[in-house]
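What follows is a set of notes on a single structure, which appears directly below.
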Amino acid sequence: MRKIKRLISRIIFQIIKLIIRIIYYINHRFFMQLYLKFLKFFGMNIVGTPRYIGIDVVFDDFNLITLNERVVISNNCHFLTHDYSLTTALISIGEKPSSDMSFFGEIIVGKNVFIGKKSIVLPNTTIGDNVIVGAGSIVRGKIPSNSIIAGNPARVIANIKDTANSWKGSIKEAKSD
């Protein structure tokens, strides 16, 4: 019954998203206001106001996702709250389950987070505050606040505060030329 209810909910979600997608191209700010209400209605926990969520972002299970304020999620990102690879792993060690097995996990995105285009956020992931996720990254686990991460799997590559100060100096230099 849960699967049928979820399927119906997803179909309704996609139909409504298709309709409001038209607004995206006419008035982006109004679209974002509608889209945030829409995501909340379907069960997503949104704290504060995200700055931007791309039209093509895929959210797996709304009830397991929390977005905090000032979040930017670029287009073509995926938020996966499930993992069915457990079945494959069990078969590899000679244990064949009677049906597919999976586990589900929450995704929590902190405040002031930028997630680059085509990134994938996996189950049981918590992204701290003030984080930049490089485009195309595969994110899993606990990501510390004030970091810049990138790669597959995503790893901390820099401290956001040091990088911001460096960029700040570069921007001032560019303006004075």
Within the chain, pairs of Lys residues whose Cα atoms are less than 25 angstrom apart, provided they are eight or more positions apart or on distinct chains, add up to 29
Output the 0 to 90 degree angle, nearest 10, between the alpha-carbon long axis of helix 160-176 and the longest principal axis computed from the alpha carbons of the chain.
40
Mind checking the full-extension length gain between Asn45 and Phe30? Use 0.36 nm per residue of separation minus the Cα-Cα distance, one decimal, nm.
3.4 nm
Helix 28-41: angle to the longest alpha-carbon principal axis of the chain, degrees 0 to 90, nearest 10?
40
Rounded to 10°, Cα long-axis angle of helix 2-26 versus longest principal axis of the chain
30
Residue-ordered couplings for the stretch 68-81, obtained by feeding phi - 60° into the Karplus form 6.51 cos²θ - 1.76 cosθ + 1.60 and rounding to whole Hz (Gly and Pro as x), are 9, 5, 6, 8, 10, 10, 5, 4, 6, 7, 10, 10, 9, 9
Measuring with a 1.4 Å probe in the full set of protein chains, what accessible area per residue, in whole Å², belongs to the stretch 1-131?
58
Once Rh for the stretch 79-139 is found with the Kirkwood sum over Cα pairs, what is the Stokes-Einstein diffusion coefficient at 4 °C and 1.567 mPa s, in µm²/s?
99
Can you give the helix-only mean residue ellipticity at 222 nm for the chain, where every DSSP H stretch with n ≥ 4 adds -39500 (n - 2.57) and the sum goes over all residues, rounded to the nearest 500 deg cm²/dmol?
-12000 deg cm²/dmol
Using square roots of five times the C-alpha gyration tensor eigenvalues, list the equivalent-ellipsoid semi-axes of the chain in whole Å, biggest first.
31, 24, 12
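The values are calculated or read from the model by the stated rules, or taken from the named source; none is laboratory data. On a predicted model such as this, the values are computed, not experimentally measured, just so you know. SASA here: full protein model, heavy atoms, side chains in, ligands and nucleic acids out. Shrake-Rupley method; radii C 1.70, N 1.55, O 1.52, S 1.80 Å.
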